[in-house]
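J.: Here it is: the structure, laid out below.
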Amino acid sequence: MDNDNYYIVLCKNPIRFEPVSKVNNVFFDDANKQVFAVRSGGAMGVVMKGPDEKSSASFRMEDRGDIISIKFSPDKRILAAQRSSKTVEFLNFQEDLNTDQQEYSQACKGKTTEIRGFVWSSNTEIIFITSGGLEHYQVLPEKRSLKSLKTQALQVNWYVWLGSSNLLLISSGTLGNTLYPFQFKTPGVMTKLPKFEVDLPAMPRPQKLALLDRDVIMAVIYENLYIVVLRHPPSTSTGAEIVLYQIQKEGLARKTDVLKLEMSGRFAINVVDNLIMVHHQASKTSVIFDIHLEGKSDGYVTYHYPVLSPLGIKPFKLLLPSLNMQAGTDRAEYNCELYSANWIVFQPDIVIDAKLGCLWTLQISLNPLVTMIPDKDRLIQFLLNRTDSKPVILNVCAQMLVPGKQASLQSLAKVYDMLNLTYKQHLDIQGQLSAGETVSGTGNKKVVIEQPDMFTHVFSVFEEHKDIKYKFIVAVLIEYIRSLNQFGILVQHYLYELIINILVQNNCFYQLHQFLQYHVLSDSKPLACLMLSLETVYPPAHQLALDMLKRLQTANEEIVEVLLSKQQLLPALRFIRSVGNVDVVSARKFLEAALNTNDNMIFYTVFKFFEQRNLKLKANPRFQTGEHCEQYVQQFESLFGYEAFMSLPTVQ
Amino acid sequence: MSEDISLLNFFVFNSEYGPREGEEEKKILFYYPGEVDVDTKIKRVGLSEAIIKFSETFSDKPCQSLHTQKTRQVFYEPEQCFWIVMTVAIPFKEKIKDGQPFTEYRDDHVQDSVYEAILRQAYKMFKLFNGTFTTILARANGEVEALKQRLEHFYDKYLLTLKLAQGDILDVFNGIHFLPLDKNTYLRIQCFINSLEATFPFVKYTAFLYNEKLVWSGLEQEDMRIMYKYLTHSLFPTFMEQELHGGQNRPPVTSGHYGKFMTGPPNLNDDRNMGKLPRVYVNTEEIDEECYLLVYTALSATICLLVNVRSPLTVPLCRKLDSMLGPQMTKLASDISEQYNKRVAALNSTEPVFKYVYFNHMNLAQQTTVHIDLQKRSGVNIHKDVLRLLGDINADLTKENEDGETIVKTTSDVWVVGKKSDQREFYVIITQRTANLIDINEEVKRLCSTYLNSIFFLD
C-alpha cells in the first residue's frame, strides 16, 4: 500500500457504466444494487449492471417517454418502469434475460393521486407509494396483470425503503416528522408498525416540511434495525447530530444513540461494516462512529463522538484510455474528484459518480487505523467488531509484546479479557449447537481469537525477540491464563508447556512449584511426563508428577512405571495392592526391576509376592510359561536354592 | 516440673582463630551470658572444641550433640570452622525415694532434633539480617571486631525471645503454612504482583500472605522459609500489639482503602520519616543480596516488597506504592476473606475427632490441628507427652530415611500414628479408648483417603 494514512477507501474495481448525458439516463436501484443506463428511453438499449458480472444484462425497450424510475424484481424476471405519475409498466423476462417486449401496466387508484415511487417487496409483489397512501399489488406475469392486495390511505411526503429488511418508512404530516413503518415480511401481508415522531431541533414558522428524505436513512447496525436521522443545528454555532432510532421487536422505535458531528453543512451517510460513516462535502472529510464503542450515557441515550478526527477518503485513480499517444501508453491515470458534487450515496455503502460513470462500494481499511487509535483497549474493542479483522488483531496483540512498544500488563489484561469474552461466547454457542440446541442470536459475527491463534501469531514474538525479559513473558502468559480461567475456558497444554519451558530455562523452579501447588497448570499426563523429565534438575518435580498422576486417576500404569524406574519396588507393590491391580500386572516387569536393584532381599521379597499371587490365582505358586519369568526363576534358585521356592500344594 | 528447659549458654567460635596457647580468647566471637568471666568462657569453648575434634575420629559426620545428666549441648557448624554451640538445662523434679530426697532429671524431655533445629534457626535468622559470617568479614576487610559487634548486637536481643520450653516438632519442620485458595483468585493475585513489579521495577522480589499464610513467594524456598519465620514470629505479632495499643498516631483513613505500611514510613505525609525499615540478606539471585524489606498490609492481606539497597527508597515513592497497593490489596483481601471464611466454616462444621500434623519436605508445606494457632502463641491441645512422642517418631522416621509407618499407643490410651511417604510426613493422634490396632489402621487409611486424596501418599 502506497499510502497508509487513509482508512476509508473506495473499492478497487468500481462498476463502470455509461455516464449521464443528453441521450443517456442513469438509474440506481439500491434494493438490488443495480445501475441502469438507459439510452433514448430504452430504444437504444438499456444496460443494467449489478454488483457482480452475472447480474449484468443489456436489452432494448420501446421508447414510450422518459423513464422516471426503473427496477427489477429481486429475481430479475419482471422489470417495472415508471414513465408517468399515474402508471407503472411491467415487462416479463426469461431466465436468460430475453424479453418478449410486451408491456403491461398498472395505474394508481384515485384521480388526483400521484405515484411517488414503487418498491418490490418480493419476486411477485410490488408496493406503489402514492400521494394518498400505499397500494400493495401482486404481479401475475403469466396473465400480464396485477391483483390488488391491500391499500392503505395515508398522506405521504416521502418514503424510504430498506430491501434487506422489507421495511418501508413513510413520512407524513405537515412537518414530515411523523414516521409510519410498514413491514412486508409475510407474502401478501402488510404489517403496520406503531408510528412515531422524530423530534425536530426547531419548529419552522410558518409550518412546512421540516424533515426531508435526504436526512433519513434506514440501516441494519449490529443486527438491529435503525432509523438514522440527520439533525441540522438550529444555528451554525453548534454542530449537527445524527440521531438513531432503534426499531424494537414490537415495532416501537426508541431513541438510543446520538452521534455528535461537531460540523454543519451538507452530509451524506453510509453504513460500512456496522460503522456509521458520515461524509462532509464542504470539508471533503469523513468521520466514522461505532455505537459499540463506549459512549457517554444519560441513562436513556448514549452520546458518541467520532472514532477518529475527520479525514478524507483515500484518493482514487482510474485508468482511462489515453488520448495522449506520446506518453507511450494507451492508458492514463485519472485522479477522481472526491466528494464531488456529482456524487450520490446510496445505502448501505454505495457511492455513485454519475458524470464519471462509476459505482463504488466504500470500505474500511483496518491497518492504517492501528496507529491512529493509540489506546489499545479501544482499538481492540473496535477491531473485534469488524469483519476480517483477525490478522490485524493478532498483529496488534503481537506488537504489544515487542520491546520498545511493550504495553503495560494492565492494558494487556484488558485486551485479553475482551478477546476471551467473545471467545467464551463463541465456545458457548458451539457447545449449544453441538448439543443440538437451537441458539438465538447466532449471528454473532465477532472475530474470535482462540488459543491456537494466540500461540502461533502472538506468543511467537517471544521466540523472535530474544531480548524480552523472561519475567515479562511469564507475566503475560499468566495474565492470559488468568483471563481464560476467569471466563471458564479450558487452557490448552501448549500454553502450559510454554510457561514451564521459560521458567525452567531461567531456573525458576520454586515459582513453577507454586504454580503447580495451586493448580494454575492443570493436571494432565503430558504435563506429568514433562515434570518427570525435570527431576534431574529439580528433584521435587518427581513428587509433583506422581501427585498429578494420582489425581488423574487414569494413570496407575504410569505410576507403577515411575516407581519401578526409580527402583522403588516396595512402594510399587504397595501401590498396586492399594489400587487393586495385583492380579493383572506383569510379574516379569517387577522381577526385572527387582533384580536391577542388586538387592537380594528386594528380589526375594518381590519373588515371594508373586509366588503368593500365582498361588491365589492358579492354585500353584510356580510361574506360567506365558509370563516369561524363567530367567528370574533360575536366578532365584541360584541365589537362594531350590528349597527357597514355595512348596507345591499337596495333592489330596 | 519444677524446672523448665532453659538456656545455659550460647556461643559462637572459630576453631582456626587463636591457635597458639594463651590466645584462646581470640577464638570466641560471641558468648552468652556475657557476664561470665573470660576463663570460664575459654574453658567452655575449649571443651566444646575438644569434643568436636575428638568425635571426628569416629565419624565422617560432625558432632551433633552431647548428653550429660544435667545439660544438653548441641553443635552446629554453619560455615567452615565457625561453630555455634548451645547448652540447655535438663528439666528436673525433686522427689522423695525411700525417705531420701533426690533429683530426677528428665533427659527424655529434651529432644536433640528439636534443639538442633532451634540452633540452626538462630543462625539463619542472623544470616537473614546480617549476611553470612564470611560476608561480614569480607566487607570489614577481615576485621573480626566487626563480626563480633554484629553477633552481639543481634543475639543479645534474639536469645531473649527464644522460647526453648515450647520447642516441638514444628521447629524441626520449620515449614510454611500455605493458604488454600481457588485457582482464579490465585491467578488474580499473581497478576496483581506481576503488574506491581512491572510498574515499580525497583521491587525485586515479592511475597504475598493472607492471615499469616503464604500465597506467593518470589524468593527462593530457603529465603522464604526464614523470612516466613521472621514475619510470623516477630514482625506480625509486634505490629498487632502496636495496633492494639493505638499504635502510632496515624492520619485518619481518608483514602478509601485500608492499606498501610507495616515497615517503612509511618506517615505518608511526612517526607522525612522513612520509619523503621529492616534490611535483609537474601540469596535468590545473588549471594547475600542486601535488600530493604518493605511490608504493606490491608485487612488480613500482607505483601512484602524487597528492594535492593542500591535503589533509593523515599517517602514520595512509598506514596506512589500506597496509591496502587491500597485499593487493590483491600479488594483482594476482602475477596479472599469471603472465600477463606467459607472454607473455615466448612471445616468447622465437620469437626474431626482426631488431631494431625502434616509436613511436606518438598515445598515445606505444613499443617497442624495440634496447635491452637499456627504460631504456637496459644499453646497446644494435646498432652505434652504426646507432642513429644511426635518428635520421637519423627526422629525415628528421619533416621531410616525410608518410607514407613509407626503406630504407638500411650499409657493414657491415645493412639499416635506417624507415616512417611516420599518426602511427606503425616502424624495422627486419635483418642479412642476402645480401639484396637486394626481399627486404628483402618481409621488412618480412611483419613488418608479423605484428606490426602489429591496427593501420592502410600498407605
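The values are calculated or read from the model by the stated rules, or taken from the named source; none is laboratory data. Keep in mind that what you see is a predicted model, and the values were worked out from it rather than measured. Positions of Cβ are backbone-derived with ideal geometry, glycine not excepted, and every protein chain shown enters the neighbour counts. Surface accessibility is based on the protein's heavy atoms, side chains included, excluding ligands, DNA and RNA. Shrake-Rupley method; radii C 1.70, N 1.55, O 1.52, S 1.80 Å.
J.: Greater than 19 Å separation of Cα atoms is the criterion. Which listed pairs, B:Lys127/B:Lys213; B:Lys183/B:Lys213; B:Lys27/B:Lys61; B:Lys27/B:Lys148, meet it?
T.: Working: B:Lys127/B:Lys213 23 Å; B:Lys183/B:Lys213 16 Å; B:Lys27/B:Lys61 23 Å; B:Lys27/B:Lys148 11 Å.
The pairs that break the limit, which is 19 Å between Cα atoms, are B:Lys127/B:Lys213; B:Lys27/B:Lys61.
J.: In nm, to one decimal, how far is the A:His519 label point from the A:Lys466 one, both placed 7 Å along Cα→Cβ?
T.: 4.0
J.: Percent of Cα-Cα pairs per 20 Å bin, from 0 to the last occupied bin, for chain A, please list those.
T.: Per 20 Å bin, starting at zero, the Cα-Cα P(r) for chain A comes out as 14, 33, 24, 14, 11, 4, 0 percent.
J.: Please state the charge dipole magnitude for region B:1-88, taken about the Cα centre, from unit charges on C-beta atoms (+1 on K and R, -1 on D and E), reported in debye and rounded to the nearest 20. Intermediate values should be presented prior to the final figure.
T.: Working: 10 positive and 15 negative charges, 39 e Å.
The dipole of region B:1-88 has a size of about 180 debye.
J.: Then there's this: Starting from the Cα gyration tensor of region B:1-72, take the square roots of the eigenvalues, sort them a ≥ b ≥ c, and report rounded, prolate or oblate (rounded when a/c is under 1.5, otherwise prolate if a/b is larger than b/c, else oblate). Write out the running numbers ahead of the final one.
T.: Numbers: a/c = 2.45, a/b = 1.16, b/c = 2.11.
Taking the square roots of the gyration eigenvalues as a ≥ b ≥ c, region B:1-72 is oblate.
J.: Among rounded, prolate and oblate, which fits region A:391-542 when a ≥ b ≥ c are the square roots of the eigenvalues of its C-alpha gyration tensor, a/c under 1.5 means rounded, and a/b larger than b/c means prolate? If you can, show how the numbers build up before the last one.
T.: On the way: a/c = 2.53, a/b = 1.38, b/c = 1.83.
Oblate, since a/c reaches 1.5 and b/c is not below a/b.
J.: May I have the convex hull volume per residue, in Å³, for the Cα set of region A:396-483?
T.: 94
J.: Hey, another quick one. How far, in degrees from 0 to 90, does helix A:630-640 lean away from the longest principal axis of the Cα atoms of chain A, to the nearest 10?
T.: 40
J.: What is the average number of partner chain Cβ atoms found within 10 Å of a Cβ in A:515-526?
T.: Going residue by residue through A:515-526 and averaging, the value is 3.
J.: When the dipole is taken about the Cα centre of region A:111-158, and only Lys, Arg (+1) and Asp, Glu (-1) are charged at their Cβ, what size is it in debye, to the nearest 20?
T.: Approximately 120 debye in magnitude.
J.: Ok, one more. What's the local net charge at A:Val258, with K and R +1, D and E -1, over the other residues with C-beta under 10 Å away?
T.: Details: positive: A:Arg231, A:Lys255, A:Lys260, A:Lys296; negative: A:Glu241, A:Asp257, A:Asp298.
Combined, the nearby Lys, Arg, Asp and Glu give +1.
J.: Which value at 222 nm does the protein assembly as shown reach when only helices count, each DSSP H run of 4 or more adding -39,500 (n - 2.57), with the total divided by all residues and rounded to the nearest 500 deg cm²/dmol?
T.: About -10000 deg cm²/dmol.
J.: Also, quick follow-up: So, taking all protein chains as they sit and a 1.4 Å probe, how much accessible area belongs to B:His153, in Å² rounded to tens?
T.: Accessible surface of B:His153 is approximately 130 Å².
J.: May I pose another question? Can you tell me, using C-alpha contacts under 8 Å and at least 6 residues apart, the relative contact order of chain A as a whole percent?
T.: It comes to 7 percent, rounded to a whole number.
J.: Could you give the angle, 0 to 90 degrees to the nearest 10, between helix A:556-565's Cα long axis and the longest principal axis of the Cα atoms of chain A?
T.: Taking Cα atoms only, the helix is inclined about 50 degrees.
J.: Which FRET efficiency value, to the nearest 0.05, do you get for B:Ala138 and B:Ser311 by plugging their Cβ-Cβ distance into 1/(1 + (r/R0)^6) with R0 = 25 Å?
T.: 0.65
J.: I've got another one for you. May I have the pair-distance distribution P(r) for region A:1-112, computed from all Cα-Cα distances with 5 Å bins from 0 and rounded to whole percent?
T.: Result, from short to long distances: 2, 10, 21, 22, 17, 10, 7, 4, 4, 2, 1, 0, 0 percent.
J.: Protein chains only, probe 1.4 Å: how do B:Met125, A:Met372 rank by accessible area, largest first?
T.: A:Met372, B:Met125
J.: Mind listing the Cα extents of region B:289-384 along all three principal axes, in Å, largest one first?
T.: Computed over region B:289-384, the largest-to-smallest principal extents equal 53, 32, 26 Å.
J.: Additional query: Kindly rank A:97-103, B:161-167, A:591-597 from highest to lowest mean number of other beta carbons found within 10 Å of each residue.
T.: Working: A:97-103: 13.0, B:161-167: 16.0, A:591-597: 19.7.
Taking the mean over residues of other Cβ atoms within 10 Å, the ranking is A:591-597, B:161-167, A:97-103.
J.: Let me check something: with ligands and nucleic acids excluded, how do B:Lys183, A:Lys54, B:Lys93 order by accessible area (1.4 Å probe), largest to smallest?
T.: A:Lys54, B:Lys93, B:Lys183
J.: So, one more: Ignoring ligands and nucleic acids, what accessible area does A:Met646 show with a 1.4 Å probe (Å², nearest 10)?
T.: 40
J.: Quick check: with the 1.4 Å probe, what order do B:Lys26, A:Lys143 take by accessible area, largest first?
T.: Accessible-area ranking of B:Lys26, A:Lys143, largest first: A:Lys143, B:Lys26.
J.: Can you give the average number of partner chain beta-carbon atoms within 10 Å of each beta-carbon in peptide B:420-433, as a whole number?
T.: 1
J.: Can you give the Rg to Rh ratio for region B:366-459, taking only C-alpha atoms and Rh from Kirkwood? Display every interim value, and only then the final one.
T.: Numbers: Rg = 13.3 Å, Rh = 14.0 Å.
With Rg and the Kirkwood Rh in hand, the quotient comes to 0.95.
J.: Which shape class applies to region B:172-307: rounded if a/c is under 1.5, otherwise prolate when a/b exceeds b/c and oblate if not, where a ≥ b ≥ c are the square roots of the Cα gyration tensor eigenvalues?
T.: Details: a/c = 1.37, a/b = 1.31, b/c = 1.04.
Note, shape of region B:172-307 comes out rounded.
J.: Moving on to the next point. Find out how many positive minus negative residues lie around B:Phe236, taking Lys and Arg as positive, Asp and Glu as negative, among other residues whose Cβ is under 15 Å from that of B:Phe236.
T.: With Lys, Arg at +1 and Asp, Glu at -1, the net is +2.
J.: If you don't mind, another one. Residue farthest toward the positive end of the dipole of region A:187-263, with Cβ of Lys/Arg at +1 and Asp/Glu at -1: which of A:Leu230, A:Leu209, A:Met263?
T.: The one lying farthest along the dipole's positive direction is A:Leu209.
J.: Hydropathy at least 0.0 by Kyte-Doolittle, axial extent at least 20 angstrom from the Cα trace: which helices of chain B, defined as entire DSSP H runs, fit?
T.: B:38-56
J.: For a quick size check, give me the Cα extents of the protein assembly as shown along its three principal axes, largest first, whole Å.
T.: 143, 96, 69
J.: Follow-up. Taking amide H positions as placed in the peptide plane 1.01 Å from N, state which residues far from A:Glu125 in sequence (5 or more) or on other chains have amide H under 5 Å from it.
T.: A:Val139
J.: Using a 10 Å cut-off on Cβ to Cβ distances, tally the other chain neighbours for every residue of B:360-371 and report the average as a whole number.
T.: Other-chain Cβ atoms within 10 Å of each residue's Cβ, averaged: 2.
J.: For B:Glu400, what accessible area in Å² do you get when you roll a 1.4 Å probe over the heavy atoms of the protein chains, rounding to the nearest 10?
T.: 130
J.: From the P(r) of chain B, can you give the percent of Cα pairs sitting at distances over 37 Å?
T.: Roughly 36 percent, rounded to a whole number.
J.: If you fit an axis through the alpha-carbon atoms of helix A:587-596 and take the longest principal axis of the Cα set of chain A, what angle between them do you get, 0 to 90°, nearest 10?
T.: For helix A:587-596, the angle is close to 70 degrees.
J.: While we're on this one: Give me the distance in nm between label points sitting 7 Å out from Cα along the Cα-to-Cβ direction at A:Leu293 and A:Gln425, one decimal.
T.: In this crude label model, A:Leu293 to A:Gln425 measures out at 1.8 nm.
J.: For B:Ser15, what charge total do you get from the other residues with a beta carbon under 12 Å from its beta carbon, if Lys and Arg give +1 and Asp and Glu give -1?
T.: -3
J.: So how far apart, in nm, are the two label points at A:Val301 and B:Met240 if each is 7 Å from Cα heading toward Cβ?
T.: Each label point is offset 7 Å from its Cα along the Cβ direction, giving 5.9 nm.
J.: Could you give the semi-axes, largest first, of the ellipsoid that matches region A:131-188, computed as the square roots of 5 times the alpha carbon gyration tensor eigenvalues and rounded to whole Å?
T.: One finds semi-axes of 24, 14, 8 Å for region A:131-188.
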